[in-house]
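Engineer: Input: one structure, supplied below.
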Amino acid sequence: MDTFGFHLHTLDIRQHARVHATAVKEVGEDHGKLGKDYLSQPTQDVLGTLREVAEIKRLYPPETVRAYVISGVRSEQDLVNFVRLAELAGVQLPGDPARGDPGLMPVPLFESIEDLRNSAAICRRWWTSPQYSQLLDSWQRRQEVMLGYSDSNKDGGMLTSTWEIYKAHRDLHVVARECNVRLQLFHGRGGTVGRGGGPTHAAIVAQPPGAFGGALRITEQGEVLSWKYSDAVLSEWNLELMLAAALEALARPEGPQSISETQWNDAMEELSRDAFAFYREHIADDPEMLLYFEQATPVNELEKLRIGSRPARRSNSGQLADLRAIPWVFGWMQSRHGVPAWFGVG
């Protein structure tokens, strides 16, 4: 009961920032016109979801839903849009200790290379705004931020993605300390190398020096569940690895340094710059790459398989940016290209 209460698991809600922006634009200043005749289906869906969240938190233990992940965050306006829609739908965002309600925290997800580079500045402006500071106080100054491994890899290649996530991780902790925020990072990684996967122990101890406070949240991709949790022995072993790595990272907060931090940063910046330019030229900015990808891999057939919870594409624009990371990585692997794991480095 102390661990799971009456609800067993907490539930995260997730929606793209573009959907919120469209909904805010449609709602406009006239809150009286919120019927189906005035709003598009996506806007009706997002408002309906938020109303369901408000109802769930009224009928069930309020801690059942405590986080709302906003993917594709590019500015603090994306967070403002969510707050407006949540309040319009009757969701109580501030925490209420008297009711045991943690509130509903917007969790910005930074996915592209550009957004990772801007993440610390965006969070600084948001955390210091009077509107949001009151919400932070109600959450005991706690804030969760999610870093996207899969989409940043698709956007800039493996090396640049890894390096920009490392820098964002480091810079976000610096800003959090300056703003008196208790930051917890949510790492959207796991599975294949192209989606940020790798040994859990190595990932934990490789965090920026001084940026690990003992709390860690990561995703576990569906394809690795059988590898790590198919029986009690494997599950216990995986837990031991995570605990050992966490203790090691806490015991050595500055980490092992064989060269100076300046030399390390300079070397990684140069490697990342060259890898990013090569990847963008031959993959992301090549107008023929998507055509080749569709012809050389079974990605179009994968879209028809009912093996996932989300469609393969965010829209029908035909652009690489709207193709989700899962079919991108899975498609390349079916034809043994392995592009997400090495291109721009090897």
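Engineer: Take the conditions assigned by TED's automatic domain parsing to the domain that holds LEU47 and surrounded by fewer than 19 Cβ atoms within 10 Å (Cβ to Cβ) and apply them to PRO108. Does it pass?
Structural biologist: Numbers: assigned by TED's automatic domain parsing to the domain that holds LEU47: yes; surrounded by fewer than 19 Cβ atoms within 10 Å (Cβ to Cβ): no.
When the stated conditions are applied, PRO108 does not pass them.
Engineer: Checking LEU88 against (1) under 30 Å from GLY48 (Cβ atoms); (2) more than 15 Å from the chain's Cα centre (by Cα); (3) free of Cβ contacts under 8 Å to residues at least 60 places away in the same chain: exactly one of these is not met. Which one?
Structural biologist: (3)
Engineer: Let me ask you something else. Condition first: in a helix (DSSP H, G or I) and among the hydroxyl-bearing types (Ser, Thr, Tyr). Now tell me which residues in the range 122-138 satisfy that.
Structural biologist: Looking only at the range 122-138, we keep the residues that are in a helix (DSSP H, G or I), and these are 122-127, 130-138.
The answer is TYR132, SER133, SER138.
Engineer: Let me ask you something else. Do we find a residue being in contact with a Leu (Cβ under 7 Å, 6 or more places away or on another chain) and closer than 16 Å to SER272 by Cα anywhere in the range 170-186?
Structural biologist: Among the residues of the range 170-186, not one is in contact with a Leu (Cβ under 7 Å, 6 or more places away or on another chain) and closer than 16 Å to SER272 by Cα, which makes the answer no.
Engineer: Here are some residues: GLY198, GLY210. Which one is at pLDDT below 80 and over 19 Å from the mean Cα position of the chain (by Cα)? Break it down stepwise before answering.
Structural biologist: Details: GLY198 fails: over 19 Å from the mean Cα position of the chain (by Cα).
On inspection, the qualifying residue turns out to be GLY210.
Engineer: Related question: Only one of (1) modelled with pLDDT under 85; (2) surrounded by 13 or more Cβ atoms within 10 Å (Cβ to Cβ) fails for PHE186. Which number is that?
Structural biologist: (1)
Engineer: When you go through ARG141, ARG125 one by one, which is the residue that is in contact with a strand residue (DSSP E or B) (Cβ under 6 Å, 6 or more places away or on another chain) and either assigned by TED's automatic domain parsing to the domain that holds PRO108 or within 14 Å of MET105 (Cα to Cα) (or both)? Step through it out loud before you land on a result.
Structural biologist: Details: ARG125 fails: in contact with a strand residue (DSSP E or B) (Cβ under 6 Å, 6 or more places away or on another chain).
None of the others qualify; the one that does is ARG141.
Engineer: Just the residues that are assigned to a helix (DSSP H, G or I) and closer than 13 Å to ASP115 by Cβ, please, taken from the range 63-76.
Structural biologist: The first filter runs over the range 63-76 and keeps only residues assigned to a helix (DSSP H, G or I), leaving 63-64, 76.
Across the range 63-76, the qualifying residue is only GLU76.
The values are calculated or read from the model by the stated rules, or taken from the named source; none is laboratory data. Keep in mind that this is a model prediction, so the values were computed, not measured. Cβ: placed from backbone, ideal geometry, glycine included. Neighbour counts: every protein chain shown.
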